[in-house]
1. Please determine, by comparing only the residues of region A:53-77 that are farther than 22 Å from A:C25 by Cα and near DNA strand C (Cβ under 8 Å from one of its atoms), which one is surrounded by the fewest Cβ atoms within 10 Å (Cβ to Cβ).
2. Name the pairs whose Cβ atoms lie under 9 Å apart, with the first residue in region B:34-54 and modelled with pLDDT under 95, the second surrounded by 15 or more Cβ atoms within 10 Å (Cβ to Cβ), and 6 or more positions between them or separate chains?
3. Please find, among A:D89, A:D16, A:D30, the residue that is surrounded by 16 or more Cβ atoms within 10 Å (Cβ to Cβ) and either near DNA strand C (Cβ under 10 Å from one of its atoms) or within 18 Å of B:L107 (Cβ to Cβ) (or both).
Number of protein chains: 2
Amino acid sequence: MRKLVTVMMTHEREHDLYRLQAELCQTLADPTRLEILRLLEHGALPVKALSEATGQRQAKISQHLALLRQRQIVRGERFGAEVRYSLTDPRILDACRITREMLLDQLARQGTLAGMVATTSETVRGGVNTDADL
Amino acid sequence: MRKLVTVMMTHEREHDLYRLQAELCQTLADPTRLEILRLLEHGALPVKALSEATGQRQAKISQHLALLRQRQIVRGERFGAEVRYSLTDPRILDACRITREMLLDQLARQGTLAGMVATTSETVRGGVNTDADL
DNA sequence: GCCATATATTCGATTATTCGAATATGCGAA
DNA sequence: TTCGCATATTCGAATAATCGAATATATGGC
């Protein structure tokens, strides 16, 4: 059985949603947390495994996990002395994959055109700029 | 003609990539910037239009645009007195859509199960928790 | 009860982000 | 040139994020 939930979307709710979405992005805005999420791609892992795989201290990993848990991005389940973490919604990795690929393409472009950069940034009038005087 | 760029990926580069990805997410981690990106979905818009559509002061919009430009998420092109901004890579919206839908689903679940929350959070031993004592 | 292991939390210093206010620049018209 | 509009930038204060260090809690075994 599937449930369909309809949500009334007012303009204020629209802004609340942007706020929540920003909060979600903020939670993704840390290299360690991104690595944790990626490590959880194929299933649950205990803190120790995450700590060893990332090479980061346990306390730091737990701090990041606490944030991810609070924002409901991961969930922890206790098995004896250890707590295994898993993704609440695997779609988070789809979003990460997209940003990752965008970055790789961008790096490839910049790497290829590295020699052109000096020339391109001279374009002054009527040109298209990504970061220049406007 | 299509170019294929192969990138050698060492472990350090892998970490650099996480850092860049985190930086990209950080750039998305602001409600105003998210709204700007969404407004640019159907094409370029001048600053004034963005300022009016969002209801935010022009200086604030320009500040956010400067960040987005610097991170190469948007580009600005001057037409006379105005500067029209557009998305550098439309895939950014795909990523935003995913996080948005994740959030909507999450809200729907929480809204539906609102009455259960008190009960569920009592689960102590061996239970699955998103944010509780572990 | 105690111990060892695994995990969580608190604190404080450092650093980064956001915003409004004020100001500066760029452009076209007269 | 000067004006007026569109956009950009700088500054400073308030707020928030990150990390290491230290400490606290939970669990199972004895």
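The values are calculated or read from the model by the stated rules, or taken from the named source; none is laboratory data. Please read these numbers as outputs of a predicted model, since none were measured by experiment. Note that we place each Cβ from the backbone using ideal geometry, even for glycine, and neighbour counts take in every protein chain shown.
1. A:A59
2. Within 9 Å, no pair qualifies.
3. A:D89
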